[in-house]
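Peer 1: Before we start, here is the structure in question, set down as structure tokens.
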Amino acid sequence: MSRIRRIARKAGYRLKAAGRRMLGLPAGPAILMYHRVNEPGYDPWELAVTPAHFDEQLAWLKRRRTVLPLVEFAERHARGDLPRDAVAITFDDGYACNGLNAAPLLAAHGLPATVFLATSAISADHEYWWDDLERIVVGAPVTSMDIEIEGQSHAFDLGPAGDLHAPNPQRQAAYKALWQAMRLLDPVERRALLADLARRHGMPQTGRSSHRSMTRQEIQTLAAEGVISFGAHSVNHPALSELSREDQRAEIETSREVCAELLGEAPSTFAYPFGDYSDVTVDVVREAGFAVAVTTDADVVRKGANHLRLPRLQVGDWPASRLSAALNA
């Protein structure tokens, strides 16, 4: 092929891509990942989408995309007849706001979604550990903080008194450092450390209602209404690849069993906590009986994608125009 023909072909590809963007045509089928639908306050991991933006996003998705339940999305992908504009909506962790704020909006637009449950958090009287840590570090009415983790001392200058909506840089840095230090701890040990950290630094043990997890009754009510289906997300939300095969099996199989007892049938879908997985993790998920598993690998779902390693696109607190740009990229 001559150099001129190669240049012309490349120019043609660019023009076609530009045309797709102008028409709003999708780059490919995608699984969307959400966590919280609530007013964000301080949101270090950008996990919250306001109800107003979520409503706007759903309205756009209903007009411009084919929104499918995750199981149907995967089945049609396997058959080879998944529409190029297909989208599945998912939520990780099982925050109560998924039912209180997201479900009514999903129902109003007639769109389905899947919520993945970290089962130890169901009906818990405390926040998820990463939120509880943020609440304590950011909100504590102290100017310094110290804690010992696995024999190592950690001390921080926190600056002025805490503000849960706009923490100063010192508190943000302290939070990220302690998150990293606590990430791989045994869940019981980590909960005890958080309770001690709150007690010694003047913070209540009770969490914020805006960050609580779903109760058993809320899950069962949502399941009966039919807008939201449920999948498993492990028991304690660990970094699975850091665990032994047997510990991974306990986390994965037990979460499936708890969901089955709660919902009357075993879930067929699973989400890897933190998006963390290895080949061993995928094998255990398959052996546990799951047909579909989703990651946090950022991509559209391409032809031939492994159904136990499906990528997702995290959605931020965006207007519909930015969601459109993300899906058409």
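The values are calculated or read from the model by the stated rules, or taken from the named source; none is laboratory data. In this text the structure is predicted, and so the values were computed from the model without any measurement. So basically every Cβ, Gly included, is an ideal-geometry build from the backbone, and we count neighbours across all protein chains shown. All accessible areas refer to the heavy atoms of the entire protein, side chains included, with ligands and DNA or RNA removed. Shrake-Rupley method; radii C 1.70, N 1.55, O 1.52, S 1.80 Å.
Peer 1: Could you tell me which numbered condition residue 114 fails, if it satisfies all but one of (1) of a type outside the set (Phe, Trp, Tyr); (2) in a strand (DSSP E or B); (3) surrounded by fewer than 19 Cβ atoms within 10 Å (Cβ to Cβ)?
Peer 2: (3)
Peer 1: Of the residues 100, 47, which single one is under 15 Å from the mean Cα position of the chain (by Cα), open to solvent by 10 Å² or more (accessible area, probe 1.4 Å) and of a type in the set (A, V, I, L, M, F, W, C)?
Peer 2: On inspection, the qualifying residue turns out to be 47.
Peer 1: Hey, residue 94 hits all of (1) within 25 Å of residue 176 (Cβ to Cβ); (2) of a type outside the set (Lys, Arg); (3) open to solvent by 10 Å² or more (accessible area, probe 1.4 Å) but one; which does it fall short on?
Peer 2: Status for residue 94: all satisfied but (3).
Peer 1: So residue 250 passes all but one of these: (1) farther than 16 Å from residue 35 by Cβ; (2) open to solvent by less than 40 Å² (accessible area, probe 1.4 Å). Which condition number does it fail?
Peer 2: Of the numbered conditions (1) farther than 16 Å from residue 35 by Cβ; (2) open to solvent by less than 40 Å² (accessible area, probe 1.4 Å), the odd one out for residue 250 is (2).
Peer 1: So, one more: Can you name the condition, by its number, that residue 300 falls short on among (1) in a loop (DSSP other than H, G, I, E, B); (2) without any contact (Cβ under 8 Å) to a residue 60 or more places away in the chain?
Peer 2: That leaves (2) as the condition not met.
Peer 1: Oh, and also: Can you say whether residue 16 is open to solvent by 10 Å² or more (accessible area, probe 1.4 Å), at pLDDT below 50, part of a helix (DSSP H, G or I) and farther than 18 Å from residue 327 by Cα, as far as the supplied structure shows?
Peer 2: Here the answer is no, as residue 16 does not meet what is asked.
Peer 1: Also, quick follow-up: Taking the residues in the stretch 155-171 that are open to solvent by 70 Å² or more (accessible area, probe 1.4 Å) and assigned to a helix (DSSP H, G or I) as candidates, determine which candidate is farthest from residue 44 (Cα to Cα).
Peer 2: Here the residue is 170.
Peer 1: Could you grab me the full set of residues in the stretch 50-70 that are in a helix (DSSP H, G or I), buried (at least 16 other Cβ atoms within 10 Å of the Cβ) and out of contact with any Phe, Trp or Tyr (no Cβ under 9 Å at 6 or more places or on another chain)?
Peer 2: Matches in the stretch 50-70: 51, 55, 58, 60, 61, 64, 70.
Peer 1: Shifting gears a bit: Which pairs turn up if I take residues in the stretch 101-129 that are over 21 Å from residue 257 (Cα atoms) and look for partners that are among the hydrophobic types (A, V, I, L, M, F, W, C) and assigned to a loop (DSSP other than H, G, I, E, B) with beta carbon separation below 6 Å, at least 6 apart in sequence or on another chain?
Peer 2: From the stretch 101-129, the pairs are 103/227; 106/227; 107/227.
Peer 1: Looking only at the stretch 277-297, how many residues end up being surrounded by fewer than 18 Cβ atoms within 10 Å (Cβ to Cβ), not in a helix (DSSP H, G or I) and not hydrophobic (A, V, I, L, M, F, W, C)?
Peer 2: 4
Peer 1: I need the full set of residues from the stretch 254-275 which are surrounded by 17 or more Cβ atoms within 10 Å (Cβ to Cβ) and either part of a loop (DSSP other than H, G, I, E, B) or among the charged types (D, E, K, R) (or both), in order please.
Peer 2: 256, 267, 268, 272
Peer 1: Collect the residues in the stretch 305-329 that are part of a loop (DSSP other than H, G, I, E, B) and modelled with pLDDT of 95 or more, keeping them in residue-number order.
Peer 2: 305, 306, 307, 308, 309, 311, 312, 315, 316, 317, 318, 319
Residues are listed down the side, and each one gets a yes or a no for (1) touching a Ser or Thr at 6+ places or on another chain (Cβ under 9 Å); (2) hydrophobic (A, V, I, L, M, F, W, C):
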site	(1), (2)
81	no, no
88	yes, yes
91	yes, yes
98	no, no
103	no, yes
124	yes, yes
151	no, no
173	no, yes
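Peer 1: Applying the selection to the stretch 180-209, what residues are open to solvent by less than 40 Å² (accessible area, probe 1.4 Å), in contact (Cβ under 8 Å) with a residue 12 or more places away in the chain and in a helix (DSSP H, G or I)?
Peer 2: Hits for the stretch 180-209 are 181, 182, 190, 193, 194, 197, 198.
Peer 1: May I pose another question? Go through the stretch 117-127 and give me each residue that's open to solvent by 20 Å² or more (accessible area, probe 1.4 Å) and within 15 Å of residue 237 (Cα to Cα). Give the derivation first.
Peer 2: Initial filter on the stretch 117-127 (open to solvent by 20 Å² or more (accessible area, probe 1.4 Å)): 120, 122-126.
Result: 120, 122, 124, 126.
Peer 1: Here's a follow-up. How many residues are over 11 Å from residue 60 (Cβ atoms), touching a helix residue (DSSP H, G or I) at 6+ places or on another chain (Cβ under 7 Å) and hydrophobic (A, V, I, L, M, F, W, C) when one looks only at the stretch 311-329?
Peer 2: 2
Peer 1: State which residue is most open to solvent (accessible area, probe 1.4 Å) when the search covers only the stretch 130-154 and only residues that are in contact (Cβ under 8 Å) with a residue 12 or more places away in the chain and part of a loop (DSSP other than H, G, I, E, B).
Peer 2: Looking at residues that are in contact (Cβ under 8 Å) with a residue 12 or more places away in the chain and part of a loop (DSSP other than H, G, I, E, B), I get 150.
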